[in-house]
Structures are given as C-alpha cells and as structure tokens.
Protein chains: 2
Amino acid sequence: MSHTLGVRQAQKLKTRQALLDAALELLEGQSLSSLGLREVTRAAGIAPTAFYRHFRSVEDLGVALVEEALGSLHPMIHTTVSTTDDGEERIARAIGLIASHVDAHPAHVRFVARERHGGVRPVREAIQDQLARFTAEVGQGLAEDPRSAGWSEDDLLMLAQLYVDQMLVTASLFLEAPATAPAERERVSRLAARQLRLIGIGRRHWLDVDGPSRAPAGDTPGT
Amino acid sequence: MSHTLGVRQAQKLKTRQALLDAALELLEGQSLSSLGLREVTRAAGIAPTAFYRHFRSVEDLGVALVEEALGSLHPMIHTTVSTTDDGEERIARAIGLIASHVDAHPAHVRFVARERHGGVRPVREAIQDQLARFTAEVGQGLAEDPRSAGWSEDDLLMLAQLYVDQMLVTASLFLEAPATAPAERERVSRLAARQLRLIGIGRRHWLDVDGPSRAPAGDTPGT
DNA sequence: CATTTCGGAGAACAGTTGTTGACTGCATGG
DNA sequence: CCATGCAGTCAACAACTGTTCTCCGAAATG
C-alpha cells in the first residue's frame, strides 16, 4: 500500500500542516472562538480564500487540532497503565512522562486545557470524546491489574476518571511552571506524586471494612 | 456608615450590573477573548461608548466577573469544611452544595470553568488567585480537624488542592448534565461521592506503614 | 500530447470592530 | 439657586472580518 503520495497531495498536506501550526501558535495568546480565519492564513503565509481548500471553518480546524493533540497519545496511555511496576515507581514514571510530554508539546497541551471547557461546542465535544476514550483505556488497564480483584466495573471507571483528571491537572501545572524555573518543576512533581500516592492508598483500602467508621462501599445510608 | 447610596451612584451600579449580566449571558456560547465591547453594550441596552464609564476594557469586565462568581463563595467553603460530620454525611452535604450552587448560578460556574485556562491572562490569574485562596482555606479547615494529627503543612495543602480540583471537576460535570435529566444528575452525584470517599480513605491511611509495599510518606527512595 | 483536476491568488462585498471627540441632561454639593 | 461633575449619546474614523466569484498555473490522468 501507499505509493509515496504524489507531489500534489504532498503539497496539500504541507500547507494544511502550516495552517495547523500557525493556528496552534496563535492560540497561545487567545481562545479558539476568537481566532480569525484571515489571522490564520496570514500567519501561514497563504491567501485567505485558500483556507477553504482544507477546512470548512475555524471550528473544523479546531477539531483537527484535537485529533493532532490527543490522537497519538493513546499508545502512551496503554503502555504506562499496563506496566507491572510497584506503585511508587509507576508514579514517578507517569509524572516523568507527563512532564516530558508537556515539554515536547506545550502548545498542544495548552490548547487542550483551554478548549476543554472552551466556547466552541464541536471542539469541546471532540476533546471530551478523546478523554472518555482515555478513561475507558485506563479502566481496562486497571481491570487487568491483580490489585483490582473484587472491584466493580463502575468503581474501576470512577478511579480511571480520577486518574485522567489528575493527569490533566498535573499537565496544566507543568505548563504554568516556566521552563526557566526547575525548582518550580520539582515542586509540581512532588505535589503530583503525593496526590497520586494518596489516591493509590485509597485504592488499596477501598474494599476494607475499616474500624470505627461506617462501611466504605455498598449503598449509601440515607435518602 | 452607608447613607443609602444617592440616586446617581445607584443608577451607575445598575447599568454596571446590566453590563455584567449581559456579558455573562453572551459568554455561555463563546469565550471571553472573543467577546466584543459593542456586543456587550448592545445586549445591555446602552451606547458602546458608555462602556468606558464602567470598565477600561472587556478584560477588565472579565476580572470583575471573576470577583462576582467566586468572591462570595468563601464563607460557604469555610462552613462546609469546618463541620464536624462523619465522612459519609459530609460527602453528601458537600456534593449537594455543589449541585445546588451549579443550579443557582450555572453561568457563573461555566464562566469560571471556561476562563480558568482561557485566553485572557488577567482573568486567568484572577481565577487562579481565588482558587489559591480556596485551597488555603480548605487547608486551614483540614488542619483544625483532629484526623489531621501528624500531617505536615505541605501534605495538608496537597490534600486541599486535591479537594478543590475535585470540586471543580464535579461542578463541571453537573453543568454538562442537562436540567432535564435527573438520572444523569444522580449518576454524577454517585460518581463524585465515590471519588471523595476514595480520597477520604487515602487520607485515613496516609500515615500508615502498610504491609509489603514501601514507606508511604517521608523522602523518596531513588534519585 | 491533450485534457481535466484542483490548490491557490486576487478583487470585491457588506458588516463589524475599538476608540476618538464633542455633545446633552440631570443629580449633586456649595 | 447656581455651577460643577459625570453617566450616557451620537457621529465618524480606519481597520478588520468571513465569504463569494473569477481566474491562473501546474500536477494528474488518459
């Protein structure tokens, strides 16, 4: 398959990428809903009208950006969650992975964090879709872990969601820590590590029936 | 103090509030960075130029909105965190409080969620400031709890941050659940309750030295 | 080699934007 | 009661927006 992609289609992909790159750079200082079509084409070095050869609208470009930012992240998720490390080493590895990903693709991370609750519906939904996929994948990874014996599927998903949200919070913190301040980076790393550690402890004792307080699982007492 | 606020200043506050309200409504479908000055004045029913009598710019208005959305929330935080309930009841109460607040002020919640990572720097920073205050207050509340004996101040703050982030995640989930679907609301409530429960369990066992795994607190082993 | 396809450029369109200066009318304080 | 202060209006500005239609040149197809 794939006959080396003729000159014509190659050029098209190239300018399409130029549009995506230009948009991503412009989005570091504003939200997608204020990004103008002309603004993007100007930064990409093409005529405004040529934009329509690649995207129907800026919204459309935004959806494409979501795919670019999150689509390639799934394998990473899978390999991270399915390693059989001890808890403490897995935490360090996960945080290191987040940190290096933020370093490698800061604009992508910023875009996702910003538009996750942003003003453009289709983009918001595309992000939620990807995050839901992440949650499902993490949940599946957790299910394969022997430490999850006795867990209901619902509980696994709620833990997965906790992990995914925590991942985004941590990524966002790394983003705010300027590259010039490694001390700040360290502070964030240690904070995230302790939060993951606490969640891990909660996970380990989830099925306990502990001492003086009431039952940890099962139905709620009141209502 | 306060001599009933003369007719003139009362009118000024009234149109200022009209501007804030109009902006907040317009912001349900877009981000602040794309909100136009004329757009706001049009919706508020005043001339564009009158805007400058109240705010220097739309950014300025955004900062004012942050104060309106989060400023009045501090007492609620304090009373919630400092009740001496048992864990399970406290969880139910906290989630109920979040749900009813989202119901009462959906536009404010949406605004905060959207602009927390949004494209307008001063607004972003105003929100982060308020959230940092929340974290500090929750941390202080936790410190007064007898269950926090033996905790370092740093660890208390990391737990507080976990709670605050979790609060925002939950509020955002309630926001997405349409008012017409009470079943969805219930699902979110139960999800949030279990997540808080898990965090609570982690909190209870934070200082344990549990079984086969390595020390839960103290310095990190490697590096 | 002839024809078709198609990414891109250019000009033009009706609207909209933020900001200015000079103005009006009315509540305020002496 | 009169003079000042000030919220709000109005007209005008240059600049910018998204979208349309027409055209060009070169790659692709046969």
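Points worth noting:
- Computed Kirkwood radius, in angstrom, where 1/r is averaged over Cα pairs of the protein assembly as shown: 24.0 Å
- In nanometers and ordered shortest first, the copy-to-copy spacing of the A:Glu67 label point, defined 7 Å from Cα toward Cβ, is 4.6.
- Volume of the convex hull of chain B (Cα atoms only), normalised per residue: 182 Å³.
- Rg then Dmax, both in Å and based on the Cα atoms of segment B:98-143: 12.4, 35.
- Counting Cβ atoms of other protein chains within 10 Å of each residue's Cβ and taking the mean over peptide B:192-201 gives 6.
- Shortest-first distances to equivalent copies, position A:Glu39, nm, label 7 Å out along Cβ: 1.1
- Global size of segment B:9-58: 10.2, 32 Å for Rg and Dmax (C-alpha atoms, Rg to one decimal, Dmax whole).
- Packing order of peptides B:42-49, B:28-35, highest average first: B:28-35, B:42-49 (average count of other Cβ atoms within 10 Å over each peptide's residues).
- Pairwise centroid distance, computed over Cα atoms, of segment B:107-180 with segment A:59-102, Å: 24 Å
- Here the sum of -39500 (n - 2.57) over DSSP H runs of 4 or more residues, divided by the residues of chain A, equals -22000 deg cm²/dmol at 222 nm, to the nearest 500.
- Note on B:99-112: average number of Cβ atoms from other chains within 10 Å of each residue's Cβ is 0.
- When A:Asp145 is represented by a point 7 angstrom out along its Cα-to-C-beta vector, the spacings to that point in the other copies are 2.3 nm, nearest first.
- For the segment B:165-171, counting C-beta atoms of other chains within 10 Å of every residue's C-beta and taking the mean gives 3.
- Amide H contacts under 5 Å for A:Ser57: none, restricted to partners 5 or more places along the chain or on a different chain, H placed in the peptide plane at 1.01 Å from N.
Since every read-out is calculated from the coordinates, none of them should be taken as a lab result. The structure presented is a predicted model; accordingly, all values stated were derived computationally and were not measured. Neighbour counts run over all protein chains shown; Cβ positions are idealised from the backbone, glycine included.
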